[in-house]
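First comes the structure, then the notes that go with it.
The values are calculated or read from the model by the stated rules, or taken from the named source; none is laboratory data. Please read these numbers as outputs of a predicted model, since none were measured by experiment. Cβ atoms come from the backbone with ideal geometry, glycine included; neighbour counts cover every protein chain shown.
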Amino acid sequence: MDLATGLNLVSLPWVREEFEYRSYEMLEDLGNQTQVSSVRRYDNTRGWQTTSWFLGSASGVNFRTRPGEGYLVYMKGEKESWRPY
């Protein structure tokens, strides 16, 4: 999928239940700290959870992603043909 500069709403395709893809992995797959700012999701019990870059390393909540759940991805630049996993 192509991602635009700024806010993108992203959902992931179906995978087997035992497959684990965490937000730190997603952030790193999206790009480095000059390309992507953060990945966020809303949890009904905990509120907003954010993974972002801090001093060159992924930081914040390393939440487990789920197929069909929506994520807010803040890009600093465009990214073409991004594929999760």
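How many residues are of a type in the set (S, T, N, Q), surrounded by fewer than 16 Cβ atoms within 10 Å (Cβ to Cβ) and touching a residue at least 40 places away in the same chain (Cβ under 8 Å) if we restrict to segment 1-34?
Matching residues across segment 1-34 total 3.
For segment 53-64, indicate whether the set of residues that are within 19 Å of residue 77 (Cα to Cα), touching a helix residue (DSSP H, G or I) at 6+ places or on another chain (Cβ under 8 Å), β-branched (Val, Ile, Thr) and crowded, with 16+ Cβ neighbours inside 10 Å is non-empty.
No, segment 53-64 has no match at all.
With respect to residue 12, determine if the residue is in contact with an Asp or Glu (Cβ under 9 Å, 6 or more places away or on another chain), closer than 20 Å to residue 2 by Cα and either modelled with pLDDT under 95 or not polar (S, T, N, Q) (or both).
Yes; evaluated as a whole, the condition is true for this residue.
Residues of segment 1-60 being in contact with a Leu (Cβ under 8 Å, 6 or more places away or on another chain) and hydroxyl-bearing (Ser, Thr, Tyr), which ones?
Answer for segment 1-60, where residues must be in contact with a Leu (Cβ under 8 Å, 6 or more places away or on another chain) and hydroxyl-bearing (Ser, Thr, Tyr): 21, 38, 51, 52.
Does residue 42 count as in contact with a Lys or Arg (Cβ under 8 Å, 6 or more places away or on another chain), of a type outside the set (Asp, Glu) and not in a loop (DSSP other than H, G, I, E, B)?
Answer is no for this residue.
Which ones in segment 60-79 are of a type in the set (D, E, K, R) and either part of a strand (DSSP E or B) or modelled with pLDDT of 95 or more (or both)?
Result: 64, 76, 78, 79.
How many of the residues in segment 21-39 are part of a loop (DSSP other than H, G, I, E, B) and either of a type in the set (Lys, Arg) or touching a strand residue (DSSP E or B) at 6+ places or on another chain (Cβ under 7 Å) (or both)?
Result for segment 21-39: 3.
Say whether the condition of being in a loop (DSSP other than H, G, I, E, B), touching a strand residue (DSSP E or B) at 6+ places or on another chain (Cβ under 6 Å) and hydroxyl-bearing (Ser, Thr, Tyr) is met by at least one residue in segment 1-20.
Checked segment 1-20: at least one residue is in a loop (DSSP other than H, G, I, E, B), touching a strand residue (DSSP E or B) at 6+ places or on another chain (Cβ under 6 Å) and hydroxyl-bearing (Ser, Thr, Tyr).
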